[in-house]
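The values are calculated or read from the model by the stated rules, or taken from the named source; none is laboratory data. Just so we're clear, the structure is a prediction, and the values are computed from it rather than from any experiment. Cβ: placed from backbone, ideal geometry, glycine included. Neighbour counts: every protein chain shown.
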Amino acid sequence: MVRLAVSVTPLAPFLASSVRGLASRPRFFRRDWSRRSGDSFDTPIPASRGKDSCLDKLSVIGGEVPAFKGEETKLGARNLRILILLASALLLSAAWVKRDSLGWPSWDSDEKMCSEVDIDLPAPQAVFRDYGGNWSKLEEYKGQVVLVNFWATWCPPCEVEMPTLIQLQEEYGAKGFTVIGIAMDDEGAETVKPFVETRRFEVQGAKRAMNYPVYLGTQDMAEKFGVKEEYPSSFLVSRDGRQVKRIVGPVYHPSLSKAIKGLL
């Protein structure tokens, strides 16, 4: 996700004052239906211009507004639309920069950013191959609680959830739980192997490597689980080999931890 690096907080007074100025001049926005027949509907209605008017402030950041006959100024409908779009973009930018104080979730937050659905389906027959050429089957994990996690190295939300996956593996790995990562990169081992072996993620203040098995995924495998290029997608499988929960988006530790405890 691209983050805005430039704060627009200094523009907030201008935006607030401009909005007040525009709101106090409703006639300025209204089209005059009594115009001469030769006039265009885009022909602006004259508006007075004072030292505190919005037009005067527009000239500060957008260039001088064309003036005619002294204090008479005209602003076309096209310019008005541009002004509204610009003001909206600035307001949204300011809100994004201040998203933490507004309560908006971010990738760095601990807020829930996924959808979880309880299901009851048999786990599909799936065969996995890791980047070292070793094969495994999902049924070999029967007797354990398994989280099958479809992800990709190019997927930012996938990286966001990896510290949580590592933490869950550390917390419940010795109790009969495991994460199985299914990497869906088209390049296969060429991309996945260096990522798994070199990337480190901060987990509770310490750098940790991926501590669970990672296999190379195929489209056929994803379709068996009903995944349609929605990454990350995870499936919680019970000890008896049934899918009990589907998660789309970065896994949420509190709810997933509770579900794992209930299955162990």
query: Which residue out of 192, 179 is surrounded by 21 or more Cβ atoms within 10 Å (Cβ to Cβ) and either assigned to a helix (DSSP H, G or I) or not assigned by TED's automatic domain parsing to the domain that holds residue 123 (or both)?
result: 192
field: Residue, surrounded by the fewest Cβ atoms within 10 Å (Cβ to Cβ), within region 203-248, restricted to residues that are assigned to a loop (DSSP other than H, G, I, E, B) and among the β-branched types (Val, Ile, Thr)
entry: 218
query: Could you give every pair whose Cβ atoms fall below 8 Å, whose first residue belongs to region 116-145 and is closer than 18 Å to residue 259 by Cβ, and whose second residue is hydroxyl-bearing (Ser, Thr, Tyr), counting only separations of at least 6 or pairs across chains?
result: 116/252; 116/255; 141/178; 144/178; 145/172; 145/178; 145/238
query: Of the residues in region 216-264, how many are in contact (Cβ under 8 Å) with a residue 40 or more places away in the chain, more than 25 Å from residue 188 (Cβ to Cβ) and of a type in the set (Gly, Ala, Ser)?
result: 4
- prompt: Right, residue 238: polar (S, T, N, Q) and modelled with pLDDT of 95 or more or not?
  reply: yes
- prompt: In region 192-208, how many residues are at negative phi and under 24 Å from the mean Cα position of the chain (by Cα)?
  reply: 8
statement: Picked from region 188-215 (must be among the β-branched types (Val, Ile, Thr) and touching a residue at least 60 places away in the same chain (Cβ under 8 Å)), the residue nearest to residue 137 (Cα to Cα) is 214
